[in-house]
Each structure stands twice: as C-alpha cells, then as structure tokens.
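K.L.:
Encoded as structure tokens, here's the structure I'll be asking about.
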Amino acid sequence: MTLYSPERWEESSGLVTFGVAGWSGEELSRRLWNDYGIIQRRVQVPDAVRVSCAYFTALDDLERLLAALRSLRRS
C-alpha cells in the first residue's frame, strides 16, 4: 500500500488518500463499496482512493477498512 496523504500533522487533514499496488483507484473503490459497504471516493490523481477519518469516524470503521484492505491485498 502507498499512503499519499502527508504524515505530518501540520500538513495533513482528516482525509486520507492511499493506493494498493496492482489495483486501480477505480477498481479499489468499486470493491470497497460493493464487497464491504465502505464509503470512500476514488481520486484520479494519484490513481487512488480517499477516505474521511474525521470527527464522526469510529475506531470500528477504521478497523473494518483495514480488514477489507488486508483481504483485498491477499486476493
């Protein structure tokens, strides 16, 4: 996986953009929604997916996203 969002707090926000090697942003976005019901947004530059990890995001939501990404990475 590649994290495109800045890691430094001062340069970042609640939006996290990432990609998975071997997956286009379009396909990753489609699979996250269709297979796991995870709301996110495909971005074209970089070819990736963006999720909002702001105030209303629960720890369970993030754990579900990570589990989905692990599963997709293995497939």
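K.L.:
Picking from Ser71, Ser5, which residue would you name as being assigned to a helix (DSSP H, G or I), out of contact with any His (no Cβ under 7 Å at 6 or more places or on another chain) and surrounded by 12 or more Cβ atoms within 10 Å (Cβ to Cβ)?
P.N.:
Criteria check complete, one pass: Ser71.
K.L.:
Still on this structure, please answer the following. So, in region 8-37, of the ones that are of a type in the set (A, V, I, L, M) and modelled with pLDDT under 95, which residue ends up surrounded by the most Cβ atoms within 10 Å (Cβ to Cβ)?
P.N.:
Applying the filter and picking the extreme gives Val16.
K.L.:
Also, I was wondering about something else. If you check Asp61 against the conditions, is it in contact with a Gly (Cβ under 6 Å, 6 or more places away or on another chain) and surrounded by 13 or more Cβ atoms within 10 Å (Cβ to Cβ)?
P.N.:
Considered against the rule, which asks whether it is in contact with a Gly (Cβ under 6 Å, 6 or more places away or on another chain) and surrounded by 13 or more Cβ atoms within 10 Å (Cβ to Cβ), Asp61 comes out as no.
K.L.:
Further, regarding this structure: Somewhere in region 51-61, is a residue more than 19 Å from Met1 (Cα to Cα), modelled with pLDDT under 95 and of a type in the set (D, E, K, R)?
P.N.:
The answer is yes; a qualifying residue exists.
K.L.:
Which one is nearest to Trp9 (Cα to Cα) among residues in region 25-75 that are of a type in the set (Gly, Ala, Ser) and under 12 Å from the mean Cα position of the chain (by Cα)?
P.N.:
Out of the qualifying residues, it is Ser52.
K.L.:
Please specify each residue of region 30-51 satisfying the condition of being out of contact with any Leu (no Cβ under 9 Å at 6 or more places or on another chain) and among the β-branched types (Val, Ile, Thr).
P.N.:
Within region 30-51, Val43, Val45 qualify.
K.L.:
Under 7 Å between Cβ atoms, at least 6 apart or on separate chains: pull out the pairs that start in region 48-75 with a residue that is of a type in the set (Ser, Thr, Tyr) and end on any residue that is modelled with pLDDT under 95 and part of a strand (DSSP E or B).
P.N.:
So the pair list comes out as Ser52/Leu15.
The values are calculated or read from the model by the stated rules, or taken from the named source; none is laboratory data. It should be emphasised that the depicted structure is a prediction, and the values quoted were computed from it without experimental measurement. All Cβ positions, even for glycine, are placed from backbone atoms using ideal geometry, and neighbour counts span all protein chains on display.
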